[in-house]
1. Just name the residue that is modelled with the lowest pLDDT out of those in region 104-130 that are assigned to a helix (DSSP H, G or I) and hydrophobic (A, V, I, L, M, F, W, C).
2. Tell me the residue from LEU133, LEU175, LEU101 that is hydrophobic (A, V, I, L, M, F, W, C), at pLDDT 95 or above, closer than 22 Å to ARG69 by Cα and crowded, with 19+ Cβ neighbours inside 10 Å, please.
3. Determine whether ASP96 is buried (at least 22 other Cβ atoms within 10 Å of the Cβ), free of Cβ contacts under 8 Å to residues at least 60 places away in the same chain and either basic (Lys, Arg) or out of contact with any Asp or Glu (no Cβ under 7 Å at 6 or more places or on another chain) (or both).
4. Residues to consider are PHE198, PHE225, PHE230; find the one that is surrounded by fewer than 23 Cβ atoms within 10 Å (Cβ to Cβ), within 27 Å of ARG69 (Cβ to Cβ) and not small (Gly, Ala, Ser).
5. Could we say that ARG180 is more than 25 Å from ASN78 (Cβ to Cβ) and either out of contact with any helix residue (DSSP H, G or I) (no Cβ under 7 Å at 6 or more places or on another chain) or in contact (Cβ under 8 Å) with a residue 40 or more places away in the chain (or both) here?
6. Can we say LEU130 is farther than 21 Å from HIS52 by Cβ, touching a strand residue (DSSP E or B) at 6+ places or on another chain (Cβ under 8 Å) and of a type in the set (A, V, I, L, M, F, W, C)?
7. Please specify each residue of region 159-172 satisfying the condition of being buried (at least 19 other Cβ atoms within 10 Å of the Cβ) and out of contact with any Leu (no Cβ under 8 Å at 6 or more places or on another chain).
8. Can you find, within region 106-130, the residue that is nearest to ASN78 (Cα to Cα) among those that are surrounded by 14 or more Cβ atoms within 10 Å (Cβ to Cβ) and among the small types (Gly, Ala, Ser)?
Amino acid sequence: MITLDPKAIDTFDADDPIRALYKRAIDKSMGGKPDNPVKQMRYYVMHQLAEHAMLQNPNEDIAEFGCWRGHSTLILANLMQQHRHPTDGARFHVFDSFEGLSPFGPNDKSKERKAEDMDPRKYATPMSKLADLLSVLSFVELHKGWIPEVFMDLPDSIGDPDKSVLAFANIDVNLYEPTRDSLAFAYARMPRGGVIFFDDYGYKTCPGATMAIDEFIADHDHAMFVALPFGSAFLVR
């Protein structure tokens, strides 16, 4: 008989390297909370996809859209540090308003989202906190601003849509418009084999994010799109 108890799964053991990095990152960035088996499964998949993409495209940048307190940011930064040589010039671009969520639009209405989760300020984290958290990782660049305006003044190395520079992107911005714009930005700069991970996909609390992704993949070419049964999804370019 197969048990659903997470403790019976090897990957939930503390000595599993993916689990160990997850735990170090959540303790350092969020004081260990919030944490649950579903989040652990999402991040377990994200970790492997990001590592694979970095190895497949060893000299290219990665990006994250929406970082909140930096849990996934720390995981990705540690992976990049592990798989990148300090002199290869690859960068980790992190985009966030650091002021919380942008305004909810008509596509973002959800009966399942609690009233306190409608307060954009709940997801605000001072940029200085993230800068301190990542201070020893010189290849991480924090880009403060609202999406898509924050994309306007980037250097050509990441700002030019004709350059394939992103091996991996993590999109976690909750809402329709920033998800749509982040996806368009990342996809345009990604080579074949690049991977985009969507943390918010499939959640009733984030209907706009799911809608934006579904609309985009219906209109664009890609090698693979997989929706995961515990929430989230990924696209292989």
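1. Just the residues of region 104-130 that are assigned to a helix (DSSP H, G or I), to begin with: 106-108, 115-118, 120-123, 127-130.
Within this subset, residues satisfying the condition of being hydrophobic (A, V, I, L, M, F, W, C) are 115, 118, 127, 130.
Numbers: ALA115: 66, MET118: 69, MET127: 96, LEU130: 95.
By that ranking, first place goes to ALA115.
2. Exactly one of LEU133, LEU175, LEU101 is hydrophobic (A, V, I, L, M, F, W, C), at pLDDT 95 or above, closer than 22 Å to ARG69 by Cα and crowded, with 19+ Cβ neighbours inside 10 Å, namely LEU175.
3. Answer is yes for this residue.
4. Working: PHE198 fails: surrounded by fewer than 23 Cβ atoms within 10 Å (Cβ to Cβ); PHE225 fails: within 27 Å of ARG69 (Cβ to Cβ).
None of the others qualify; the one that does is PHE230.
5. Details: more than 25 Å from ASN78 (Cβ to Cβ): yes; either out of contact with any helix residue (DSSP H, G or I) (no Cβ under 7 Å at 6 or more places or on another chain) or in contact (Cβ under 8 Å) with a residue 40 or more places away in the chain (or both): no.
So ARG180 fails the test.
6. On the way: farther than 21 Å from HIS52 by Cβ: yes; touching a strand residue (DSSP E or B) at 6+ places or on another chain (Cβ under 8 Å): yes; of a type in the set (A, V, I, L, M, F, W, C): yes.
Taking the combined requirement at face value, the residue satisfies it.
7. Going through region 159-172, the residues buried (at least 19 other Cβ atoms within 10 Å of the Cβ) turn out to be 165-172.
Within region 159-172, VAL165, LEU166, ALA167, ALA169, ASP172 meet the criteria.
8. Looking at the filtered set, the residue picked out is ALA124.
The values are calculated or read from the model by the stated rules, or taken from the named source; none is laboratory data. What you are looking at is a predicted structure, and each value in this text was computed from that prediction instead of being measured. Virtual Cβ from ideal backbone geometry, glycine too; neighbours counted across all protein chains shown.
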